[in-house]
Amino acid sequence: MPDLAPTAGTKPPGTQLSDWLCGLVRTHNLGALAALRRPNPPRRTEAHHLAAAFALSEEQQQVYQFTAFLFARYHAGALRPHYGYGDLGTAMRKIGSGAGRGPADPGAKRLLDRITASREIPWRHLQHAIERARACDTAPPSWAQLPEDLARWKSRERLKSRDRSVADTWGASFYTPTYTKRTTT
């Protein structure tokens, strides 16, 4: 197995994972993508081990494997990879129908509220959010940022830039229009 551990001067592990996953779509590695679509196989495959190898610690391996699972679910049948954009709240803001998207879509609003209220990582709800983004043909969250956010989830660690937990940041991204100008006092 190649040494995938980050070294000084390399990309962050989430970005490395995202690049590897997008490479699987670009090279049409359907076997690896199909294996990753099984979240908890009785025996982990090479693809599962490789996804876990991007994690900086053993505790984060499940998060990296789950991110790979969500990526594979979103890209089922895709010809081109989508690197995603923003956090999960930004991605969910685009979910909905012609009647309304994001906060105007009651289903998207309920789903985000269930995700952000969870003390533990809400695995099933996250899968549902990605499935909704795929069904609505909208951009997914940044695959590079998602494992890093999930790795901080349990600790409810505050983000330095906004002094918010990951859940609070996702909620703000979902409910705050992108055109809102924030002023500093």
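With n ≥ 4 as the cut-off for DSSP H runs, can you work out [θ] at 222 nm for the chain, using -39500 (n - 2.57) per run divided by the number of residues, rounded to the nearest 500?
Rounded to the nearest 500, the figure is -14500 deg cm²/dmol.
Translational D (Stokes-Einstein, µm²/s) of the chain at 20 °C and 1.002 mPa s when Rh comes from the Kirkwood sum over C-alpha pairs?
Reported coefficient: 126 µm²/s.
At a 10 angstrom cut-off on C-beta neighbours, averaged per residue, how do the peptides 116-122, 142-148, 66-72, 105-111 rank from highest to lowest? Write out the running numbers ahead of the final one.
Numbers: 116-122: 13.9, 142-148: 23.3, 66-72: 26.3, 105-111: 16.9.
Top of the packing list down: 66-72, 142-148, 105-111, 116-122.
Kindly sort CYS22, CYS136 by accessible area of their heavy atoms, largest first, with the probe set to 1.4 Å.
The most accessible residue leads, giving CYS136, CYS22.
Would you work out what percent of the accessible area of the chain, with all protein chains in place, is carbon or sulfur (probe 1.4 Å)?
After summing per-atom areas, the C and S share lands at 50 percent.
Over region 45-121, what portion of Cα pair distances is larger than 22 Å, expressed as a whole percent?
Every Cα pair in region 45-121 considered, those over 22 Å come to 40 percent.
If you rank LEU112, LEU56 by how much accessible surface each has, with a 1.4 Å probe, what is the order from largest down? If you can, show how the numbers build up before the last one.
Details: LEU112 0, LEU56 115 Å².
Reading off the accessible areas and sorting them downward yields LEU56, LEU112.
What accessible area per residue, rounded to a whole number of Å², is obtained for the chain using a probe radius of 1.4 Å?
56 Å²
For region 65-120, what is the relative contact order in percent, using Cα pairs closer than 8 Å and at least 6 residues apart in sequence?
Once normalised by length, the contact order is 17 percent.
The values are calculated or read from the model by the stated rules, or taken from the named source; none is laboratory data. Just so we're clear, the structure is a prediction, and the values are computed from it rather than from any experiment. Cβ: placed from backbone, ideal geometry, glycine included. Neighbour counts: every protein chain shown. For the accessible areas, the whole protein counts, side chains as well, though only heavy atoms, and no ligand, DNA or RNA atoms are used. Shrake-Rupley method; radii C 1.70, N 1.55, O 1.52, S 1.80 Å.
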